[in-house]
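The values are calculated or read from the model by the stated rules, or taken from the named source; none is laboratory data. What you see is a predicted model; the values in this text were computed from it and never measured. Backbone-built Cβ (ideal geometry, glycine too); neighbour counts: all protein chains shown. The area values use the complete protein model at the heavy-atom level, side chains included, leaving out ligands, DNA and RNA. Shrake-Rupley method; radii C 1.70, N 1.55, O 1.52, S 1.80 Å.
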Amino acid sequence: MTGLKQAAIRGLACAILILPGIVSAQDESPRQQWQKGITAAYSDLASTSQSLANTTRRYCQAPSDAGRTTLVDSWRKAYTAWQAVRYVDFGPIEQNSRAWQLQFWPDSKNLIARKANYWLGQDAPVTAEQVNSDSVALQGFPAMEYLLFDQQPAKRGHALPEAQACSLAVAIAEHIQTTSQSLSDDWAAFAPHYVEGEQYTATTVKAALNGVEIIQDKRLAAPMGLRGNGSRNGYLADAWRSGESLTTIKASIKGLQTSFLPGAVTLLKQNDQAKLATKLSRQFERTLKEFDALPHALAPLLETDDGYRQLQGLFIEVSQLDQIINNNVAPALGITRGFNSSDGD
């Protein structure tokens, strides 16, 4: 046998060996792709929330400036991990108001501050059981944000690492960690049913659309004065206390790009909509690129004409993303959007 023939046979053998893996990847269904993406996102949420709980305990046991910086960074990582999977409004997240437990928002009555100040004013240390049985306004990332960034606790003599503030922070961080881990575990158990259930194709597309609409109408338009009474109001944005409002929006769009877009592209191509798949992918890229020139905080941009124009540019890109999913993708797939569980968010 010549060397050329031997090389050809070896090449053919290698192709045969790798072919099943290639075919498997190509044959992966949209729901399988979505399931993997959402599973990874929930796993990241559980992991970063565990780190937040550990970091909070360590900081309160041995406070330091460096420890405070690490704590803020841990909170930011866990909070943005939640934003990445926030659009998923079906499945285990619907149980026990888990979305509200992780993020009570909007908070028009300032319940987060009122609840936190009540417990900060108590004599006995706050326990995890007390936080677990209290309002969702006390249980999630915004309550931790209040303790980390708001000036009111300091004025009342309860700024971190004061003992009562630490007991509350630890209890809240533990609640976030427990909720996130149970959510991740429950999604893993739910995943086979999700992959097998054809109805979840439309459910997932509707969830993505709803997530983008919330970004457009409530997280951008409302503070920009494009909804409601027409007045600009940075306090209507989420994460305004930490100055991370635009960071969280970017994390939500990036999360959609990571866990929703791949399955959506596959689904569109299966329906002979390859050009629309490309259009959707490019719009995600354009929307994320809009953040390159923006700061983390939204509120300061409302104060100047130049800043407001920057927000308008972002709003236009998000609106384009919404229109593509709502006016092109959903109709192309025969999906009609009805009432969504997050419509009253």
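For the reader, a short list of remarks on this structure follows.
- Sole exception among (1) farther than 20 Å from E213 by Cβ; (2) part of a helix (DSSP H, G or I); (3) of a type outside the set (G, A, S) for F315, by number: (1)
- Look at the range 279-290: where a residue is modelled with pLDDT of 95 or more and a partner is in a helix (DSSP H, G or I) and open to solvent by 90 Å² or more (accessible area, probe 1.4 Å), sitting 6+ places away or on another chain with Cβ atoms under 9 Å, you get F284/K254; L288/K254; E290/I316.
- Complete set of residues in the range 56-103 that are part of a helix (DSSP H, G or I) and free of Cβ contacts under 8 Å to residues at least 24 places away in the same chain: R58, Q61, D65, A66, G67, T69, T70, D73, N96
- Candidate set from the range 218-237 (those that are of a type in the set (D, E, K, R) and at pLDDT 95 or above); member that is most open to solvent (accessible area, probe 1.4 Å): R232
- In the range 56-72, the qualifying residues are those that are open to solvent by 30 Å² or more (accessible area, probe 1.4 Å) and under 16 Å from Q177 (Cα atoms), and the one that is farthest from the chain's Cα centre (by Cα) is R58.
- For the range 244-266, a residue qualifies if it is within 17 Å of Y308 (Cβ to Cβ) and among the small types (G, A, S), and exactly one does: S245.
- Taken as a whole, the structure places Y118 among residues that are open to solvent by 50 Å² or more (accessible area, probe 1.4 Å) and aromatic (F, W, Y).
- Residue list for the range 51-99, restricted to those being of a type in the set (S, T, Y) and either touching a strand residue (DSSP E or B) at 6+ places or on another chain (Cβ under 9 Å) or under 20 Å from V170 (Cα atoms) (or both): S51, T55, T56, Y59, S64, T69, T70, S74, Y79, T80
- Any hit, the range 124-141, residues being assigned to a helix (DSSP H, G or I), within 21 Å of S182 (Cβ to Cβ), within 19 Å of the chain's Cα centre (by Cα) and touching a residue at least 60 places away in the same chain (Cβ under 8 Å): yes
- Sub-8 Å Cβ pairs linking a first residue in the range 185-200 that is in contact (Cβ under 8 Å) with a residue 60 or more places away in the chain and closer than 17 Å to D89 by Cβ to a second residue that is assigned to a helix (DSSP H, G or I) and open to solvent by 50 Å² or more (accessible area, probe 1.4 Å), at least 6 apart or interchain, are D186/Q95, ordered by first then second residue.
- Options A189, A208: the member that is in a helix (DSSP H, G or I), small (G, A, S) and under 26 Å from F284 (Cβ atoms): A208
- Selection from the range 32-89 of residues that are closer than 23 Å to V265 by Cα and of a type in the set (D, E, K, R): K36, R86, D89
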